[in-house]
Every structure is written in C-alpha cells, then in structure tokens.
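Reviewing the structure listed below.
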Amino acid sequence: MRDTTLNFSGLHRTCSLVVLLCFLHIFVTVIYYVRNSDSKQAFVQNQQTPQIHRKLTEQKVTTEEPRAPQANAPLNVTEKLETCPDNPPRLVGPLRVEFSDPVTLDLVRSQNPELQLGGRFKPKDCIAQQKVAMIIPFRNRDEHLKYWLYYLHPILERQQLDYGVYVINQEGDGIFNRAKLLNIGYAEALKEYDYDCFVFSDVDLIPMDDRNIYKCFSQPRHLSVSMDKFGFRLPYTQYFGGVSSLSKTQYLKINGFPNNYWGWGGEDDDIFNRISSKGMSISRPDGMIGRCRMIRHERDKKNDPNPQRFDRIAHTRQTMAGDGINSLKYKVVKVEKDQLFTKITVDVGNP
Ligand code: UDH
Ligand code: NGS
C-alpha cells in the first residue's frame, strides 16, 4: 500500500513537471514568434522607402503608370539594379541580314514576347543607360516595316535600351516630307515618355552588326555609315542620311530639323549644316560595325527630287533659327498601338 502511494506521488510529480515544461515551451515559442514577426514588419517597411520602390518599378514597368509590386513578390535588397554596362553582354556582332523570306507581323510578335504595347521595351536585369525613341518616317512601306521590326527588335533588346518605336505615317498623297515627319516623331514621342535620345531611321535600313548601338553619343551620331548600296562606304564625307541619333540637347541646339524640304533630297544635308554651324561634329562607328543593308525598291510616288534643295542647303545658317521644332505645325489624325510599334498618322500640310 505504502509502495503504491509512493509510486503514485512520484508519477504525479513527473506529470506536473511535464506539464510545466509544456507551458514553458509554449511561452518561449510565443515570445520568439512575436519578436520575429516584429522584425519582419520592420524589414518590409524598409523595402518600401521611395528609393528602393523606384528601382523596383523601373525594373518591371514599361508603361506610364507605375505598377505596384505584387503582394508576394520577394522584396529583397539584392533586387537593387545597376546601370546597364557600356558593352551589353548579349551582343553577338555580325548578323546575317536578307530579305528573301517573307515575314509576318504575327511572327515578329511571337518572337518578341517581352515587348509592351506600342513597341516599348526596357531591360529587366539593369537600368538602361538611355531612354531612346526610334522614329521612322513612313508612307506605304508596310513590307519594309515588317523587316525593320523583325531585325531591329531583337537587336535593340540585346543592346539593353529603354526604347519605344514610333512610325510617323504621312496621311494622304501629297508630296512626302521626311524631315518634318522626323520633327513630328520627336514631339509626339516626348508626349508619351521622358526620352533623352532620338534615333531617326529610314524604314528600309537594317544594321548588319548589333555592336552598332542605336543610342546617343557626346556628338550627333551617324549610324548608317557603311551601306551596301554605296559599296559599304560613305558616299561623301558630310553624308548624314539613313539612320542617325541626336540627344534631346543636341536636337534642341540645332532647333530640330527643317520643315520645308518637300520631296526627295537635301534635308539630311541641311541637318548636317545645322550640326556643324553649332560647332558640333559627327560621331560614327567604324566601317565594319557600321555595315547595313538597304531593302531595294523603286522610287516612291510623290517623292520626286526636290528642285529647291540646292538653294535651301546653301542657306541653312540663315533659315535654321526660324524653321525647325520651334515652328512645327501639324495635325494628328490617328494613333494606333501595336505590340511592335506606335503608328501616328499625321497631316503635314502642303508646301
Ligand atoms: N519614305 C516612305 N514612303 C515614301 C517615301 C519615303 O516611307 O513614299 C520613308 C522611308 O522611311 C524611306 C525614307 O522615307 O526609307 C527615305 O526615303 P527616300 O525616298 O528619301 O530614300 P530611299 O533611299 O529612296 O528609300 C531613294 C530613291 C531610290 C530610287 C531607286 C531607284 N532604283
Ligand atoms: C545626295 C542628296 C542627299 C541624299 C544622298 C544619297 O545627293 O539628300 O544624295 O542619296 N543631297 C542632295 O540632293 C542635295 S541616295 O543615294 O541614298 O538616294 O541622302
């Protein structure tokens, strides 16, 4: 009987000890949990300081509206992005460019899933060095535009640019005015985004080397320096036609481009005159990197050689202050957004 009592009280003490230990365990766990959730909260709040929030939206968003980070997205300090390097790592160098196989816009769309509406792109893994608007003067060249988009989008993506493509389409069948369309492209692109660089590209010119970076340099840049149709050399030293780039500052310094060159020829020489009259020089890639192909075609209707062009380029210095972006007048007829480009149809008026 005495043994039973002893055993029972021993068991009772052991049970009490176990229960006590259980309570202690629960208490320690609760304390640990509460303290840990406090520090997690502080970490999340740190991540949402304006500086880091800005970096996150810069990485993900290509439209005007900043998109809020997803609730379960990892908010980690390691996501701070660096500026993209001078030599983008995925460039491949010389490219095969040919125009024998037809391409469709659907094919190009499916090959460039990273593009945002309007032909907008920005790199995911770094902050682009420049925000570049690609401006294409256009009328009735849909076949050429398909090739341009087919070749250029993958190149521009590899070049890690924050870019958008603007096709400036001249409405009607009046005389074509390339330089005025380029001015309109400048003005319209700036309404959408804070671009700091403008590449002006004919629709039928395709670079043959992706190291020819479609961005701006310390001087206005001539990019199509070595065209197949000229035997891969410059036709003359002052030639500034085809594809060129100017920063916003450089463009404004020359009051943009002339608006009164109707028909073919001379407007690119006028732009060259503007640049040199303001003490700037032309920057160019080397002849191998600057090789490009032109899609062969017949002369367009309503773009015959302009008989006034020689007289006009002789007077650039006198006319440029009053004729340019400061005197630009036009009407927007239609804006269409495709995944691959923004097409802006405009009424440029008459000579
Ligand atoms: N452009 C159009 N539509 C036109 C005219 C010009 O889209 O009707 C654009 C297009 O982007 C083109 C650029 O303006 O690449 C320059 O056009 P251009 O006619 O000044 O230059 P391009 O070198 O042709 O294309 C020159 C005449 C070629 C005659 C060849 C005869 N075999
Ligand atoms: C020059 C034109 C430029 C033109 C260049 C190349 O003569 O506008 O030829 O033309 N200047 C004048 O006419 C004053 S191309 O061979 O590409 O048709 O860009």
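What is the sum of charges, Lys and Arg at +1 and Asp and Glu at -1, for the other residues whose Cβ falls under 14 Å from the Cβ of residue 203?
Counting the neighbours of residue 203, the net charge comes to +2.
Taking amide H as placed 1.01 Å from N in the peptide plane, residue 227 has its amide H under 5 Å from the amide H of 232, 233, 292, each at least 5 places away in sequence or on another chain.
Protection proxy ranking, highest mean first, for peptides 269-275, 185-191, 280-286: 269-275, 185-191, 280-286, where packing is the per-residue count of other beta-carbon atoms within 10 Å, averaged. Considering only 133, 168, 112, the residue lying farthest towards the positive end of the dipole of the range 100-240 is 133, judged by Cα position with unit charges set on Cβ. Net length available on complete extension from residue 101 to residue 332 is 79.7 nm, with 0.36 nm assigned per residue and the Cα-Cα distance removed. Compute the relative contact order of the range 151-249 as a whole-number percentage, counting only Cα pairs closer than 8 Å that sit 6 or more residues apart in sequence. Relative CO of the range 151-249 lands at 30 percent.
In a reduced charge model with +1 at each Lys and Arg Cβ and -1 at each Asp and Glu Cβ, the range 185-315 shows a dipole moment near 240 debye about its Cα centre. Peptide packing: for 94-101, 124-131, 289-296, the average count of neighbouring Cβ atoms within 10 Å per residue gives the ranking 289-296, 124-131, 94-101, highest mean first. A simple count of charges around residue 155, restricted to other residues whose Cβ falls under 14 Å of its Cβ and scoring Lys, Arg +1 and Asp, Glu -1, yields +3. Here the peptides 107-118, 222-233 are ranked by packing, the mean other Cβ count within 10 Å, and the order with the highest first is 222-233, 107-118.
Each value in this text was obtained by applying a stated rule to the coordinates, not by laboratory testing. Not measured: the values here are computed from a predicted model. Heads up, the Cβs are rebuilt from the backbone with ideal geometry, glycines too, and the neighbour counts pull from every protein chain shown.
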